[in-house]
1. So which helices (runs of 4 or more DSSP H) stay within segment 1-51 end to end and still have 2 or more residues that are at pLDDT below 85 and either open to solvent by less than 100 Å² (accessible area, probe 1.4 Å) or among the aromatic types (Phe, Trp, Tyr) (or both)?
2. Assess whether residue 116 counts as being among the basic types (Lys, Arg) and part of a loop (DSSP other than H, G, I, E, B).
3. Take segment 118-146 and flag every residue that is open to solvent by 10 Å² or more (accessible area, probe 1.4 Å) and touching a Phe, Trp or Tyr at 6+ places or on another chain (Cβ under 9 Å).
4. When segment 255-282 is examined, which residues are found to be closer than 20 Å to residue 205 by Cβ and touching a residue at least 40 places away in the same chain (Cβ under 8 Å)?
5. What's the total number of residues in segment 52-103 that are among the β-branched types (Val, Ile, Thr), over 19 Å from residue 149 (Cβ atoms) and either modelled with pLDDT of 95 or more or open to solvent by 60 Å² or more (accessible area, probe 1.4 Å) (or both)?
6. Please work out if residue 173 is touching a residue at least 40 places away in the same chain (Cβ under 8 Å), in a helix (DSSP H, G or I) and buried (at least 23 other Cβ atoms within 10 Å of the Cβ).
7. Residue 151 - would you say it is among the hydrophobic types (A, V, I, L, M, F, W, C) and touching an Asp or Glu at 6+ places or on another chain (Cβ under 9 Å)?
8. What number goes with the only condition from (1) touching a Pro at 6+ places or on another chain (Cβ under 9 Å); (2) of a type outside the set (Lys, Arg); (3) free of Cβ contacts under 8 Å to residues at least 40 places away in the same chain that residue 216 does not pass?
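The values are calculated or read from the model by the stated rules, or taken from the named source; none is laboratory data. Because the structure is predicted, anything quoted here is derived from the model rather than measured. FYI the Cβ positions are ideal-geometry reconstructions off the backbone, even for glycines, and counts take in every protein chain you see. Heads up: the accessible areas ignore ligands, DNA and RNA and are worked out on the full protein's heavy atoms, side chains in. Shrake-Rupley method; radii C 1.70, N 1.55, O 1.52, S 1.80 Å.
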Amino acid sequence: MGRPTIADIARQAGVSKGAVSFALNGRPGVSEATRARILRVAEEMNWRPHSAARALGGARADAVGLVIARPARTIGVEPFFSQLLSGLQGVLSAHSVALHLMVVEDTAAEIEVYRRWTSEHRVDGFIVVDLQLRDPRLAVLEELGAPAVVLGGPGKGTGPLRIWADDREAMLSIVDYLAAIGHRRIAHLAGLPHFQHTQRRIRALRDASRRLGLEEAVSVPTDFSDAEGAAATRTLLSRPRRPTAIVYDSDVMAVAGLGVAGEMGVAVPGELSIVSFDDSVLARIVHPPLTALSRDTFALGEQVARSLLAVIDDAGPGRDLQMPTPRLTVRESTSPPGSGPAGGDPPGAGPAATGRAAAGPAAARPSVEAPAVDRAVADSPVGVASAGTVDSTSEPV
C-alpha cells in the first residue's frame, strides 16, 4: 500500500475529507468524539503530513540543511566532520529536527541545492562550512532569505551569524613551539587554498617565519586527502634539504605523512617532527602518537545547532560567536631537531647544517637580508607554494 491520504482516512473513519482536515489540523468543525476517531484511524494507518503540503500552509519543515562541496571520498574518512555531525545531531534530534546532508562536487552545485531546497521548503535553515574567499554563497542565502549559521569567520558585522575559532592564533602556537625547540625549516601541508581558514594559517606561518627568523617556511595546498598528504610529504622529504618539521591541516594527512616517513626511513621524531591541526582518535592511536591541536569538535557542532535553531526562531544571539582557540597537546611525534642522524638532514648534508641546528634558534637565523620565506620559493619542488602567498584582495583573514 502507498502513502495513506486524507481520502483513505475519511473512508476508513466513515467521515468526509473536510472532517479529516479539520481534525488533523486541530480546527473546529467536528465533535471531540469524531476528532478522536479520526486521529486514531490516522495513527493506525501511520499517516504523516506531506512536507510540501505543510510548507504551502506555512508550517515548518522541521529540518535543516548541510551541503558540503568536497570530494565525497575525503569526507568519508575525515574525523572532524564525523564529530561535527555527531554534535549537530545531538541537539537537533532533541528538538525533533532532521539534518539533511548532501555532498556535492563544487560551489555551483552547492548553491543550486540551496535554491532547490528553499523553493521546495525542504529545510528551515542552513549550516554553511568551509567559508571561502569572496564567498558567493553568502549573497545567495541573503537573496533567498534563508536562515543560516556559518562555521568560520570572523565576519564584517553583516550577513549570517558566524561561529569561529582563531585559526591564526592556533597556527602561531604551533610555529612558536616548534621554533622554541629548535626547528628552523618548517613545512605546512595546507588544505584547499580558496578556504579562508587555509589562508589564515598560511599567513600566520609566513608572519611567524619573519618574526622568528626561520630558515624556511613553505605551505603546500592539498585537498585534505590521505593520498595528497602522502604525495606532498614524499616530495618534501625527497628534497636535498628537507624540512625538520611538518604541520598538517588534518590528522588524516598527518597519519599518511607519518607512514611516508616510515617508508623512506626518516625517523619520527628524531629526524622529522609531525604536528596535526586536528586531534581525533587517529592522532592518539598511531606510533608515535601525534602532537596536535585539541578542541571539542562535538561541542562545536552542538553550538552550531543551537545557534541555528535560535536564528530560525528569530531569537539568535545577534552577534558572531568565537569559540575557544584550539590548544596544542604535545606528544611523542615532536622533539628538538638533531636527535636523529645529521639533525634531520639527509646523509651528506655536511657539518654546517648539523652545527646550525645544534646551536639553537639564535644561531640558525638566515645571514642574508632577503626574507627567509621568499628564499624558500627557489628551493621548493613543483607544487610547493611560498607561505607568503595570500590573496590580499580577499576579505580579512
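1. Ranges flagged: 17-24.
2. No: the conditions fail for residue 116.
3. Within segment 118-146, 118, 123, 130, 132, 133, 140, 144, 146 qualify.
4. Correct list: 257, 269, 272, 273, 274, 275, 277, 278, 279.
5. 1
6. Against the criterion (touching a residue at least 40 places away in the same chain (Cβ under 8 Å), in a helix (DSSP H, G or I) and buried (at least 23 other Cβ atoms within 10 Å of the Cβ)), residue 173 does not qualify.
7. yes
8. All conditions are met except number (3).
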